[in-house]
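Everything below concerns the one structure shown next.
The values are calculated or read from the model by the stated rules, or taken from the named source; none is laboratory data. Computed from a predicted structure; not experimentally measured. Please note: Cβ atoms are built from the backbone with ideal geometry, for glycine as well, and neighbour counts cover all protein chains shown. Heads up: the accessible areas ignore ligands, DNA and RNA and are worked out on the full protein's heavy atoms, side chains in. Shrake-Rupley method; radii C 1.70, N 1.55, O 1.52, S 1.80 Å.
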Amino acid sequence: GKYRCGLVQSVEISESTDKHLNLIAQCYRVDHPAHGRSGGGAGAAGLVHLASGKTLNGKGRQTIPAGDRLVIDLPGGGGYGDPNERPLPEIEEDVKQEVVSAASARRDYPQFEG
């Protein structure tokens, strides 16, 4: 959108002993990404997975095996306003700071050619 909202963050959790972890997940935005408003696009969906690669469910009881790490990729917020109105220097700065990739900037902002 004209205004970019919350960014995706990644959190890793592990057990400091040789025990497994039990998780009761309540991650709504894994299956339902945040909507954009007033012409802004939807945010990125979250993801719950293991460092070893297995994808976990966004909801429910799950076990993290001993020695593995739980990885939660938190969802991004939706945009606000018409993406065509986002100033090009702000898009370029987002790409420079690696807040968004050049590929996603080209996809989401027609005025970006980088």
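Structure values in brief
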item: Within the chain, percent of DSSP bridges classed antiparallel, to nearest 5; result: 95
item: Proximal charge balance of H20 [Cβ under 15 Å; K/R count +1, D/E count -1]; result: +1
item: Accessible area of the chain belonging to carbon and sulfur atoms, whole % at 1.4 Å probe; result: 50
item: Listed peptides 88-99, 67-78 by packing density, highest first (mean Cβ within 10 Å); result: 67-78, 88-99
item: Dipole of the chain, positive direction: furthest Cα of A44, Y80, V30, with charges on the beta-carbon; result: V30
item: Neighbourhood net charge (14 Å Cβ-Cβ; Lys/Arg +1, Asp/Glu -1) for G53; result: -1
item: Gaussian network model of the chain, Cα within-10 Å springs - most flexible of T55, T63, T17; result: T17
item: Per residue, the convex hull volume that the Cα atoms of segment 44-114 enclose (Å³); result: 110
item: Gain in span if fully extended, T55 to L88, counting 0.36 nm per residue against the direct Cα distance; result: 8.2 nm
item: Choice from A45, A34, A25 with maximal GNM fluctuation in the chain (Cα, 10 Å cutoff); result: A25
item: Relative contact order (%) - criterion: Cα under 8 Å, at least six apart; region: segment 1-92; result: 45
item: Å² of accessible area per residue within the chain, as computed with a 1.4 Å probe and no ligands counted; result: 64
item: Candidates H35, H49, H20, ranked by Gaussian network fluctuation over the chain, Cα under 10 Å, top entry; result: H20
